[in-house]
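Shown next, in structure tokens, is the structure this report addresses.
Throughout, read-outs are computed from the coordinates displayed, never taken from laboratory work. Model, not experiment: these values are computed from the prediction. Backbone-built Cβ (ideal geometry, glycine too); neighbour counts: all protein chains shown.
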Number of protein chains: 2
Amino acid sequence: MKPDTPHNETDAAGNGFIPNLAVDVVVFGFHDTELKVLLMQYSKTGLYALPGGFVRLNENLDDAAKRVAGERTGLRDISPEQFRVFGDMARHDPTPFISFMAADGGKPDPNHWLFQRFISVGYLALVDFTKVTPTPDKIFDSCNWYNLTDIPPLIQDHSAIVAAGLQWLQVILDSKLAGFNLLPAEFTMAELQSLYETVLGKKLLRPAFQRKMLGMGILERIAKKYSGGAHKAPYLYRFVSK
Amino acid sequence: MKPDTPHNETDAAGNGFIPNLAVDVVVFGFHDTELKVLLMQYSKTGLYALPGGFVRLNENLDDAAKRVAGERTGLRDISPEQFRVFGDMARHDPTPFISFMAADGGKPDPNHWLFQRFISVGYLALVDFTKVTPTPDKIFDSCNWYNLTDIPPLIQDHSAIVAAGLQWLQVILDSKLAGFNLLPAEFTMAELQSLYETVLGKKLLRPAFQRKMLGMGILERIAKKYSGGAHKAPYLYRFVSK
DNA sequence: TTATTATTGTAACATATTGATACAATAATA
DNA sequence: TATTATTGTATCAATATGTTACAATAATAA
């Protein structure tokens, strides 16, 4: 038993956590012109879910999201941002947790705290795909990237949370320079444009895109990249905050 | 005792409500070229606060905010929208509630549920100032409009919640036609512009503003208004959704 | 070594949007 | 009937965005 994790993290009472409150994190990555989402799976039942967790009694809400996202990705320097709270009664559905426990052989305690109604704060984490080590948790024994265009059915309202997370990303993409969190430290203009096109779901004109990005004054040109292709090699860029 | 209100709404255990979770509503109105906020006061201590409340065990989160805003304004047809969750430990400060109870003569139970740490969902309600009947609640015995430019110190982090609500309003003002909820059914272009200027905190050029508003195709021109001034009378407009 | 190819970087122009000025129209008052 | 203040909008200027075009060039092939 790890000393920094309460031994009652999944006990029937939920001691140590704020009741009825959860955080679910939509972790987006970008790879091969595809947006990827980090999903958990409980192999015995095959059910998929978002990385999620609960808020400790003396823990900042944002820190809970950071902890959850950090544990699933191995990343320490991320700051997930809340984008919406999901608080309808309609989202209450304990059957996935009942089936988890049934699959483990035990007889589920009908008063288990996980079966209660939960209000969940949705967080968005934008990460460098290449830096992530997907890591399972105590409930879900697998954790992996999935193409956003091809996600399996998720438990409860998690599909709606993913959809809302994408919508939010589209909104903040321009204003918050969110895109740069999804790319490695150095990238080509073509990669940046591909990211924008994937997130926004539409083609952009190359000259206008390049003009706009360079006009923001937040890109530093580094060196030539040898593309390997039979054509002019693109510059590499680095993001620099003003 | 009203049958539709749990008798334990403010008892020491907080039964019937989700623990550690609150909703606070920033109710904005617009009157005399000023943005107004609805604030509660507990007269014996003089402390001010946002209209707020708790979430019933079987209540949708949004419905809790609607209930709270409805009870304080007398309006039934409003849909407050969440704009941010406030979940830092730093916001935890039970002293206002302790002083309320002390002022009432009773000896505060140190384990009273109100003294616990709360995570609060901030909601924004945009209302027609002229339609509101400010109504106190069980904790605060007064409820009134205050000029946003001149709000008294508020308990806990409620000032920050108001500030965040205003910022959010500035963001959604254009995209969500939020302004129209703040005006009466019929209004002049000058009134609409004044609202925009007040919310955004800057002057706008009249011809460009008018062109933009008319260009959106959501305004219906009604009839002449007799302004009473020694000048050309303005049109009246009505908002029509497409 | 020299074409060929595919892609990059950007100039150049067209179009659309927004900023700013100007002015006729007009409702109340003098 | 002249005066005044404000409204509605035309007009032009400035800026931003959409689009086409083309020279530059890195790898490959002739």
### Loop-located chymotrypsin sites (Phe, Trp or Tyr not before Pro) in the stretch B:196-242 whose Cβ has at most 14 other Cβ within 10 Å (DSSP)
B:Tyr226
### Packing-based exposure ordering (other Cβ within 10 Å, fewest first) of A:Asp104, A:Asp77
A:Asp77, A:Asp104
### Net charge of Cβ neighbours under 9 Å - reference B:Pro51; Lys, Arg +1; Asp, Glu -1
-2
### Query
Mind checking the mean number of beta-carbon atoms from other chains within 10 Å of the Cβ atoms in B:119-128?
2
### Calculated label separations, B:Ile218, copies of the chain, 7 Å along the beta-carbon direction, nm
2.7
### Query
Taking K and R as +1 and D and E as -1, what net charge do the other residues with C-beta under 15 Å from the C-beta of A:Ala208 add up to?
+3
### Relative counts (whole %) of C-alpha pair distances in chain A, using bins that are 10 Å wide
7, 29, 32, 18, 10, 4, 0
### Query
Residues of the stretch B:74-94 with amide nitrogen under 20 Å from the 7 Å Cα-to-Cβ point of A:Leu57?
B:87-94
### Message
With the label 7 angstrom out along Cα to Cβ, how close does A:Gly46 come to the same site in each of the other copies, in nm, nearest first?
### Response
6.8
### Task
Show which aspartates and glutamates lie in cross-link reach of B:Lys107 when reach means a straight Cα distance below 14 angstrom and same-chain residues fewer than eight apart are skipped.
B:Asp11
### Query
Summing +1 for each Lys or Arg and -1 for each Asp or Glu, what net charge is found among the other residues whose Cβ lies under 15 Å from the Cβ of B:Asp141?
0
### Message
What do you get for trypsin sites (Lys or Arg not before Pro) in the stretch B:164-236 restricted to DSSP loop and a cutoff of at most 12 other Cβ within 10 Å of the site's Cβ?
### Response
B:Lys202, B:Lys203, B:Lys232
## Note on the structure
Applying the gyration tensor rule to the Cα atoms of the stretch B:184-239 (axes a ≥ b ≥ c; rounded if a/c under 1.5, else prolate if a/b exceeds b/c, else oblate), the class is oblate
### Query
At A:Asp32, with labels set 7 Å past Cα in the Cβ direction, how many nm apart are the copies from this one, shortest first?
6.6
### Query
Counting other C-beta atoms within 10 Å, which of A:Leu169, B:Leu50 has the fewest, and how do the rest follow?
A:Leu169, B:Leu50
### Query
Between B:His92 and B:Gln116, what is the spin-label point distance in nm, taking each point 7 Å from the Cα along the Cα→C-beta axis?
1.1 nm
### Query
What is the mean number of Cβ atoms from other protein chains located within 10 Å of the Cβ atom of each residue in peptide A:57-64, rounded to a whole number?
4
### Query
Which value at 222 nm does chain A reach when only helices count, each DSSP H run of 4 or more adding -39,500 (n - 2.57), with the total divided by all residues and rounded to the nearest 500 deg cm²/dmol?
-8000 deg cm²/dmol
### Task
Provide the convex hull volume over Cα atoms per residue for the protein assembly as shown, in Å³.
196 Å³
## Note on the structure
Assertion target for A:Met189, B:Met216, ordered by fewest C-beta neighbours within 10 angstrom first, is B:Met216, A:Met189
